Amino acid sequence: MTYTALDLYDEGLDFFTEIVDRTPTSAWAAASPCAGWTGLDVLGHLCDATSAGARILRGETFEFVAHDPPSTAVRGEPAEHWHQLAEAARAAAASVDDLDRIVESPLGTRTVAEGLSFPAADLFLHGWDLATTAGRTVSFPEQATTFMNRLFDTLPAEVIRQPGVFGPAVTPPTDATPTEQLIGRCGRQPRRGTASGHTGRVP
């Protein structure tokens with residue numbers, strides 16, 4: 001079967017949720033690989049992006065407005081807040097029966113698949129950021145890695161190489177894993193945990 005944006009989104013929700021559940025309290029205030037962001041900022045950004053992804057899936061028309069700082073998107077206990085959003089996102093994903101359906105996204109008219117792809121990738125990339133903040137090493141599933149690389153192949157450099165999205169690509173070590181290669185492509189130091197940019201928008 002073809003691996004779709006919806007598969008990436010479903011797996012991304014599982015991936016990020018597992019990381020949130022294993023994040024210690026001390027990591028929420030710690031500096032993350034995303035310049036200027038704490039672990040709680042990473043979570044807050046994902047809350048904004050996941051909420052937007054669910055609204056795209058439901059076919060809602062809306063203007064995306066991110067919280068600033070991102071941590072202000074989180075209400076109460078971080079993991080509990082995330083679980084509530086993730087549950088709503090899963091329900092929205094379960095209702096999708098046509099990935100080619102035309103919807104309104106923050107950047108205009110797109111198919112569900114097009115509008116969902118980047119928020120889905122965000123779940124993996126920022127999952128890596130949050131895990132790194134907590135001192136953990138994680139790897140992306142093979143199909144998810146392949147999908148994200150193909151997605152980024154389709155996006156012009158002027159779209160992704162700018163403040164708030166990705167910084168300049170980082171050359172990974174010669175023995176880098178597929179996850180580390182993708183992380184470097186997205187402007188992060190695969191083994192130092194520092195990023196020269198962050199996915200702060202929802203294309």
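Would you point out the residue of segment 172-191, among those that are more than 10 Å from PHE140 (Cβ to Cβ) and in contact (Cβ under 8 Å) with a residue 40 or more places away in the chain, that is nearest to the chain's Cα centre (by Cα)?
CYS186
Inside segment 6-40, can you point out the residues that are under 12 Å from LEU116 (Cα atoms) and surrounded by fewer than 24 Cβ atoms within 10 Å (Cβ to Cβ)?
The answer is LEU6, ASP7, ASP10.
Mind checking which helices (runs of 4 or more DSSP H) fall wholly inside segment 84-162 and carry at least 2 residues that are modelled with pLDDT of 95 or more and surrounded by fewer than 16 Cβ atoms within 10 Å (Cβ to Cβ)?
Correct list: 142-153.
If we scan segment 131-140, do we find a residue that is over 16 Å from GLN189 (Cα atoms) and out of contact with any Ser or Thr (no Cβ under 8 Å at 6 or more places or on another chain)?
Checked segment 131-140: no residue is over 16 Å from GLN189 (Cα atoms) and out of contact with any Ser or Thr (no Cβ under 8 Å at 6 or more places or on another chain).
Does LEU43 qualify as being open to solvent by less than 30 Å² (accessible area, probe 1.4 Å), within 18 Å of THR137 (Cα to Cα) and hydrophobic (A, V, I, L, M, F, W, C)?
Answer is yes for this residue.
Scan segment 163-189 residue by residue and report those that are at pLDDT below 95 and polar (S, T, N, Q).
Answer for segment 163-189, where residues must be at pLDDT below 95 and polar (S, T, N, Q): THR171, THR174, GLN189.
Residue check: is GLY53 in a loop (DSSP other than H, G, I, E, B) and over 21 Å from ILE183 (Cα atoms)?
no
The values are calculated or read from the model by the stated rules, or taken from the named source; none is laboratory data. Source: prediction; values computed, not measured. Cβ: placed from backbone, ideal geometry, glycine included. Neighbour counts: every protein chain shown. Just the protein is used for accessible areas: all its heavy atoms, side chains included, with ligands, DNA and RNA removed. Shrake-Rupley method; radii C 1.70, N 1.55, O 1.52, S 1.80 Å.
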